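Undergrad: Structure provided below as structure tokens; questions to follow.
The values are calculated or read from the model by the stated rules, or taken from the named source; none is laboratory data. Here the structure is a predicted model, which is why all the values come from computation and not from measurement. FYI the Cβ positions are ideal-geometry reconstructions off the backbone, even for glycines, and counts take in every protein chain you see. To get the accessible areas, we keep the full protein, side chains included, count just its heavy atoms, and leave off ligands, DNA and RNA. Shrake-Rupley method; radii C 1.70, N 1.55, O 1.52, S 1.80 Å.
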Amino acid sequence: MAKLKINTEKKLAKISEEIYGHFSEHLGRCIYEGIYVGEDSPIEQVNGMRKDVVDALKAIKVPVLRWPGGCFADEYHWKDGIGPKENRKTIVNTHWGGVVEDNSFGTHEYFELCRQLGCKTYVNGNLGSGTVREMSEWVEYMTFSGVSPMAGLRRQNGHEEPWKVDYFGVGNENWGCGGNMTPEYYANEYRRYQTYVRDYSQKPMQPLEHHTPSIRKICCGPNVDDYEWTKTVLDTCFCHSPKGSHGFMDGLSLHYYVHPEGWERKGSATEFDAGVWYKTLSKALYMEELIQKHSAIMDVYDPEKEIALVVDEWGTWYTVEPGTNPGFLYQQNTMRDALVAGITLNIFNKHADRVRMANLAQIVNVLQAVIFTEGDKMVKTPTYHIFDLYKHHQGAQLVDSQIETTQTGTKDYPVPNLTESASIGTDGRLHITVTNLSLDQPAAIDAFLDVSASAVTGEMVAGEMHAKNTFEDPSQVTVKAFDTIEITKQGLKFTVPACSAVHLAVEMA
Ligand code: AHR
């Protein structure tokens with residue numbers, strides 16, 4: 001029996017809600033069709049946003065949504081997407097499939113979507129092919145409440161009040177699709193561009209120490225294990241924040257995708273054997289090392305952890321579904337994706353002191369989506385149900401937990417059988433999430449708690465490794481009750497089924 005020790009007295013960081021964030025790009029059928037169908041669509045919609053999708057996303061409490069890209073962000077010119085729709089420029093989405101876009105989803109529509117979702121906003125600016133002025137004017141357009149050319153333009157387009165931009169990304173993947181820059185070059189560009197991401201929330205004559213900056217600036221961080229990028233960018237861009245300011249940055253991004261067969265071959269989303277199952281999960285576990293190593297570099301510059309590591313793109317990336325546009329990145333989602341999500345979210349929780357936002361790529365119809373749509377039909381993927389299972393960790397207090405594991409997997413890809421994290425939720429209950437990576441061995445767990453449990457409820461996402469949800473069979477994988485939990489003198493006893501993720505909610509006496 002594996003021992004799980006939870007010390008609720010040892011309170012660690014607060015788990016930021018934004019760790020459970022999502023990403024929506026103008027890519028394939030994510031925005032158009034997946035979220036936005038237009039104000040005249042026969043599909044049930046509110047101001048053009050699909051009601052079924054918005055309702056489903058609200059149920060998992062989407063805390064923040066990143067937009068408009070991705071690689072698209074460094075080619076996006078925001079003025080093309082404002083004003084009367086019939087006058088908006090038609091553009092070619094050169095990066096993703098060369099499709100034509102009518103720009104009917106732009107700045108106003110994005111904020112309307114976030115309003116409907118009740119989530120925070122994360123706008124990614126264009127450093128790669130846009131000007132400093134363009135970026136600066138976008139911020140003015142979105143956030144300035146006074147009289148100015150851009151605020152006036154916003155009002156002319158029907159929005160009197162400014163919106164709240166919670167996070168602003170200054171470029172995306174500038175080591176690649178965002179301009180193929182060297183870290184030295186990007187770092188200097190970052191310093192310049194971010195200067196003009198003005199904080200319009202500051203009142204004139206207000207002493208700096210009484211001011212909390214409202215936009216948090218995200219600097220483009222490394223691709224996977226490019227530790228040199230992290231170091232070089234921090235060397236040039238990190239400075240301590242004087243009171244009332246955030247210095248040059250509030251977060252450094254990290255992008256990491258799991259490609260089972262490597263970047264070139266990627267691999268099928270649905271056809272895989274046990275070996276590829278463990279290989280995929282072992283690659284998901286690599287997130288732990290990446291966070292540790294990038295955090296260690298950040299600690300040198302920023303031991304107080306003023307800036308966050310923002311994993312604003314993560315998830316699985318397979319070969320597209322046969323017969324679909326290769327530029328649309330549409331892939332199926334199975335129990336394997338559910339486990340990748342469960343493992344990764346446990347890792348993020350455990351690093352909540354440094355990882356304060358993460359955005360799964362991507363929210364609808366693209367890569368490791370939580371939702372698929374087809375015409376007026378919608379289906380929730382296994383990954384959706386993991387976000388549902390883990391939602392109680394949002395805003396919770398991470399507490400110390402340790403679990404005994406045994407090695408499973410293959411010779412080339414050995415993995416621990418279990419991962420876990422525990423927190424005290426905003427509802428006052430202890431929330432424990434455990435994943436069992438083994439395909440065939442249930443794991444009996446003896447949990448030792450430093451508090452007495454007066455009641456416990458459980459739920460799980462479980463199934464055969466290939467189990468998936470389709471439009472024909474939408475409920476193969478859902479959240480199911482998990483009620484074989486015994487309250488013992490020291491804590492709890494329960495058995496986590498093979499190939500599953502479990503959530504326990506414990507009332508503490
Ligand atoms: O999420 C798909 C793409 O992956 C994004 O546009 C880009 O930032 C990354 O390479």
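Undergrad: List the residue pairs whose Cβ atoms are under 9 Å apart, where the first residue sits in the range 29-54 and is under 16 Å from Arg66 (Cα atoms), the second is among the basic types (Lys, Arg) and open to solvent by less than 40 Å² (accessible area, probe 1.4 Å), and the two are 6 or more positions apart or on different chains.
TA: Gly34/Arg50; Ile35/Arg50; Tyr36/Arg50
Undergrad: Are any of the residues in the range 86-96 in a loop (DSSP other than H, G, I, E, B), within 16 Å of the ligand (Cβ to nearest atom) and either among the basic types (Lys, Arg) or open to solvent by less than 60 Å² (accessible area, probe 1.4 Å) (or both)?
TA: Scanning the range 86-96 turns up at least one residue that is in a loop (DSSP other than H, G, I, E, B), within 16 Å of the ligand (Cβ to nearest atom) and either among the basic types (Lys, Arg) or open to solvent by less than 60 Å² (accessible area, probe 1.4 Å) (or both).
Undergrad: Within the range 97-139, take every residue that is acidic (Asp, Glu) and open to solvent by 30 Å² or more (accessible area, probe 1.4 Å) and give me the one that is nearest to Asp55 (Cα to Cα).
TA: Applying the filter and picking the extreme gives Glu112.
Undergrad: Tell me whether the range 235-246 contains one or more residues that are in a loop (DSSP other than H, G, I, E, B) and under 30 Å from Val92 (Cβ atoms).
TA: No; the residues of the range 235-246 include none that is in a loop (DSSP other than H, G, I, E, B) and under 30 Å from Val92 (Cβ atoms).
Undergrad: Does Tyr76 meet the test of being crowded, with 24+ Cβ neighbours inside 10 Å, under 30 Å from Asn174 (Cα atoms), modelled with pLDDT of 95 or more and more than 15 Å from the ligand (Cβ to nearest atom)?
TA: Taking the combined requirement at face value, the residue does not satisfy it.
Undergrad: Would you check if there is a residue in the range 268-276 being surrounded by 14 or more Cβ atoms within 10 Å (Cβ to Cβ), modelled with pLDDT of 95 or more and either closer than 26 Å to Val123 by Cβ or within 16 Å of the ligand (Cβ to nearest atom) (or both)?
TA: yes
Undergrad: Could I ask something else about it? Being in contact (Cβ under 8 Å) with a residue 40 or more places away in the chain and touching a Leu at 6+ places or on another chain (Cβ under 9 Å) is the requirement here; does Val170 meet it?
TA: yes
Undergrad: Scan the range 408-451 for residues that are under 27 Å from the mean Cα position of the chain (by Cα) and charged (D, E, K, R) and jot them down.
TA: Selection gives Glu420, Asp427, Arg429.
Undergrad: A further question on this structure: Kindly indicate which of Glu109, Glu101 is of a type outside the set (A, V, I, L, M), under 23 Å from Gly171 (Cβ atoms) and within 16 Å of the ligand (Cβ to nearest atom).
TA: On the way: Glu109 fails: within 16 Å of the ligand (Cβ to nearest atom).
Residue meeting the stated conditions: Glu101.
Undergrad: So, Ala481, is that one surrounded by fewer than 20 Cβ atoms within 10 Å (Cβ to Cβ) and under 25 Å from Ala56 (Cα atoms) or not?
TA: Taking the combined requirement at face value, the residue satisfies it.
Undergrad: I'm checking my understanding of the structure. Among residues of the range 152-194 that are open to solvent by 10 Å² or more (accessible area, probe 1.4 Å) and of a type in the set (Gly, Ala, Ser), which one is nearest to the ligand (Cβ to nearest atom)?
TA: Gly176
Undergrad: Going by the structure shown, is Gly130 part of a loop (DSSP other than H, G, I, E, B), over 19 Å from Glu39 (Cα atoms) and touching a residue at least 12 places away in the same chain (Cβ under 8 Å)?
TA: So Gly130 fits the description; yes.
Undergrad: Just one of (1) part of a helix (DSSP H, G or I); (2) open to solvent by 30 Å² or more (accessible area, probe 1.4 Å); (3) out of contact with any Phe, Trp or Tyr (no Cβ under 8 Å at 6 or more places or on another chain) trips up Lys293, so point out which.
TA: The one condition Lys293 does not meet is (3).
Undergrad: Going through Gly38, Gly28, Gly83 one at a time, which residue ends up being within 16 Å of the ligand (Cβ to nearest atom) and not in a strand (DSSP E or B)?
TA: On the way: Gly38 fails: within 16 Å of the ligand (Cβ to nearest atom); Gly83 fails: within 16 Å of the ligand (Cβ to nearest atom).
Gly28 is the lone residue from the list that is within 16 Å of the ligand (Cβ to nearest atom) and not in a strand (DSSP E or B).
Undergrad: What number of residues within the range 453-477 are buried (at least 17 other Cβ atoms within 10 Å of the Cβ) and of a type in the set (Val, Ile, Thr)?
TA: Number satisfying all stated conditions: 3.
Undergrad: Out of all the residues in the range 132-141, is one or more within 27 Å of Trp229 (Cβ to Cβ), modelled with pLDDT of 95 or more and within 16 Å of the ligand (Cβ to nearest atom)?
TA: Scanning the range 132-141 turns up no residue that is within 27 Å of Trp229 (Cβ to Cβ), modelled with pLDDT of 95 or more and within 16 Å of the ligand (Cβ to nearest atom).
Undergrad: Mind checking which residues of the range 142-173 are charged (D, E, K, R) and in contact with a Cys (Cβ under 8 Å, 6 or more places away or on another chain)? First the steps, then the outcome.
TA: Filtering the range 142-173 down to residues charged (D, E, K, R) leaves 154-155, 160-161, 164, 166, 173.
Glu173, the sole residue that qualifies.
Undergrad: Please determine whether any residue of the range 55-67 is out of contact with any His (no Cβ under 6 Å at 6 or more places or on another chain), closer than 15 Å to Thr107 by Cβ and either buried (at least 24 other Cβ atoms within 10 Å of the Cβ) or not aromatic (Phe, Trp, Tyr) (or both).
TA: Within the range 55-67, one or more residues are out of contact with any His (no Cβ under 6 Å at 6 or more places or on another chain), closer than 15 Å to Thr107 by Cβ and either buried (at least 24 other Cβ atoms within 10 Å of the Cβ) or not aromatic (Phe, Trp, Tyr) (or both).
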